[in-house]
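The next block holds one structure in the form of structure tokens; read it before the comments.
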Amino acid sequence: MPALEDVVEQEVVVRTLFLSVDPALRCMMNEETGVEYCRPWVLNERVSGFGGVGIVLHSRSNGFSNGDIVIKSNMFWPWQLYSVIHASKLSKVEHKIANTRPSLVLSLLGVAGITSFIGIREKGFIAARKHQSFVVSTAAGACGHLAGQIAKLYGAKTVIGICGSDEKCKFLTGECGFDYALNYRSTNLNGKLDEICPHGVDVYFDNVGGDISNSVLRKMKKDSHVILCGQIATYNKDIPYPPPLPDEIKHLIKERNITRERFLVLDYQDKFEEAVNQLAKWYFDDKLKVRETTAEGLENAGKAFCSMMRGGNIGKQLVKVSSI
């Protein structure tokens, strides 16, 4: 723990409770991340990830007291047990969340939930009267399992999740209310999508890219919409983001007038508060189920990341660093 006499005015000593583990961290292991909002990790420097939550142990700021549960306003959180952070970079977690399930600020009420909510609302164009079909890839992941539920709440008629195991399929249909869940490892995606959506797919929430997404794109209707959230299938490849599409798919998108624009949630920060309030309301009204996979101990953060990249998580992957 830092020496308290070294803590200066407006600084706060925080102990980490949970860390967020995200696929986009893979981009920070490259010489260039390919995005503007984060830089590569540097050898011999402390690693930071996309979010953490902690508890205040000592404060030299009138805005924070011992025991407050806090997050950083700029999202990046150092992967260490203790940190000294300037008060201007911290925000308190609402008491109802802090006292029930503080990890929600990294899952439902963090980047994953906000991305799902804003992506669907701004790019999905879902309306109940349209009887739309909605497909989401990496459907049992942090964004995916929330996106399908949110699409239902917005009025999608048929929600289909694509994931990588029968266990995940059961989770999606049994707990999250998906109409269908397809295990891409054992299912003919083209055939099943033809069967479920004979008239085509209206909205696709794309978390994966690659062959899976190409299969879905071939089933998209005229004037349909792709929410381009992530491309995890390409993160180990030395190609630009978003990755280039095969000529066949490019032609299909143009011919059918499919909207497929890069979506970056940080461009919608003015809508974050509204998103968090609505997501929290749905959660406490029992309209949203939130799953988290939690590894114990800071020393297991690397293992948790590798497991997540292999599909070992259901819902949001977290690391529990310490207890309240």
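Worth a mention:
- The largest accessible area among I55, I324 belongs to the first residue in I324, I55, and the rest follow in falling order (1.4 Å probe, all chains).
- Straightening the chain between R185 and S73 buys 36.4 nm, computed as 0.36 nm per residue apart minus the Cα-Cα spacing.
- Calculated accessible area for the stretch 1-150 comes out at 43 Å² per residue, all protein chains present (probe 1.4 Å; ligands, DNA, RNA ignored).
- Shape call, the chain: gyration tensor on alpha carbons, a/c limit 1.5: prolate
- In sequence order, calculated HN-Hα J values of the stretch 284-292 (Karplus, 6.51, -1.76, 1.60; Hz; x Gly/Pro): 6, 8, 6, 9, 10, 9, 10, 10, 10
- Accessible area in the full protein assembly, largest first, 1.4 Å probe, for H199, H86, H251: H199, H251, H86
- Carbon + sulfur, % of accessible area of the stretch 1-68 - ligands and nucleic acids excluded, 1.4 Å: 47 percent
- Heavy-atom SASA rank of V47, V111, V12 (probe 1.4 Å, accessible area, largest first): V111, V47, V12
- Summed side-chain charge close to K89 - residues other than K89 whose Cβ falls under 12 Å, Lys, Arg +1, Asp, Glu -1: 0
- Looking at the chain, the DSSP beta bridges with both ends there are about 45 percent antiparallel.
- Tensor-based shape of the stretch 112-233 (alpha-carbon gyration tensor, a/c under 1.5 rounded, otherwise prolate or oblate): rounded
The values are calculated or read from the model by the stated rules, or taken from the named source; none is laboratory data. The structure presented is a predicted model; accordingly, all values stated were derived computationally and were not measured. Don't worry about glycine lacking a Cβ; one is built from the backbone with ideal geometry, like all the others, and counts go over all protein chains shown. Surface accessibility is based on the protein's heavy atoms, side chains included, excluding ligands, DNA and RNA. Shrake-Rupley method; radii C 1.70, N 1.55, O 1.52, S 1.80 Å.
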